[in-house]
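Below: the structure, in structure tokens.
The values are calculated or read from the model by the stated rules, or taken from the named source; none is laboratory data. Since the structure is predicted, the reported quantities are computational estimates derived from the model, not experimental observations. Virtual Cβ from ideal backbone geometry, glycine too; neighbours counted across all protein chains shown. When the accessible area is computed, the model is the full protein with side chains, heavy atoms only, and any ligands, DNA or RNA have been set aside. Shrake-Rupley method; radii C 1.70, N 1.55, O 1.52, S 1.80 Å.
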Amino acid sequence: MSGMRTCRSVLALAVGTALLTGCFAEKKSAAPALPPSTCFGVFTPAELAPFMGYGEEVEVYSPDELSVNVSRGHATCNISVDGKSRFTASIDRRRAGLEVTWGSEVEKHRPDVLPYAEHSRLWDSGVALVVNCKADDGDFDLMLFLDAVPDEVKPEERRPVFAALMKKFLAASREQANCPG
């Protein structure tokens, strides 16, 4: 309830009956502290702080590394604050050449295409892309997805922030998934 005001009425009897109304600003709790390495070891607390909002308890559900391969085709990181999801990063290794469809849920946000990834969508609260990997043991695609609650990021800065995070996520994913560029 950041920025909300709470009002309480107090009925007081003094010389006569008087109605006193007082308002006080509800105090925000501090932004929760993140561990030094978050989401597969890719993102720093400073990079993710704008998405954490305010709250008491932060929980990070994530494997330590991104490594996806034939036997482990998916990895997800989810960060929640006080039980509410604030940031999600996921990687999927899939067969090369599958059709890329984004669906109406993404398209309704009037997304842009990232300048460094032809098969991508960038919107105000997330970004997704599919990139082909040509490896010695066979070609495959990586599908990367970032989604967050950008309340603390100015509207005009949201897409550039997500584009920069995805660029870093893509580089780390290529390296850890053995996906040459």
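Charge dipole (Cα centre; +1 on Lys/Arg Cβ, -1 on Asp/Glu Cβ; no other charges) of region 106-155 amounts to roughly 260 debye. Looking at region 35-181, the accessible area is 52 square angstrom per residue; that uses a 1.4 Å probe and ignores ligands, DNA and RNA.
How many percent of the accessible area of region 58-181 is carbon or sulfur, using a 1.4 Å probe? Show your work: numbers first, answer last.
Details: 3250 of 6720 Å².
So the carbon and sulfur contribution to the accessible surface is 48 percent.
Kindly state, as a whole number, the per residue volume in cubic angstrom of the convex hull around the alpha carbon atoms of region 108-181.
On the way: hull volume 6.3 nm³, N = 74.
Residue-normalised Cα hull volume stands at 86 Å³.
The 3J(HN,Hα) values that the Karplus relation (6.51, -1.76, 1.60; θ = phi - 60°) gives for region 46-62 are, in residue order, 5, 5, 9, 3, x, 9, 7, x, 10, x, 9, 10, 10, 10, 10, 10, 6 Hz. Gly and Pro appear as x. Taking Cα centre as origin and charging only the Cβ of basic (Lys, Arg, +1) and acidic (Asp, Glu, -1) residues, the dipole magnitude of region 32-181 rounds to 300 debye. Panel values: region 82-130, Kirkwood radius from alpha carbon pairs, Stokes-Einstein at 10 °C and 1.306 mPa s, translational diffusion coefficient 127 µm²/s.
Legend: calculated FRET efficiency, residue 76 to residue 156, from the Cβ-Cβ distance at R0 = 35 Å, rounded to 0.05, equals 0.75.
Going down the table (108/154; 134/167; 84/168), which pairs top 22 Å between alpha carbons? Result: 84/168 exceed 22 Å. Using a simple spin-label model with pseudo-atoms 7 Å out from Cα toward Cβ, residue 171 and residue 101 lie 3.5 nm apart.
Once the convex hull of all Cα atoms in region 53-181 is built, its volume per residue stands at 110 Å³. A simple spin-label model places the labels of residue 46 and residue 134 3.7 nm from each other, with each point 7 Å out along Cα-to-Cβ.
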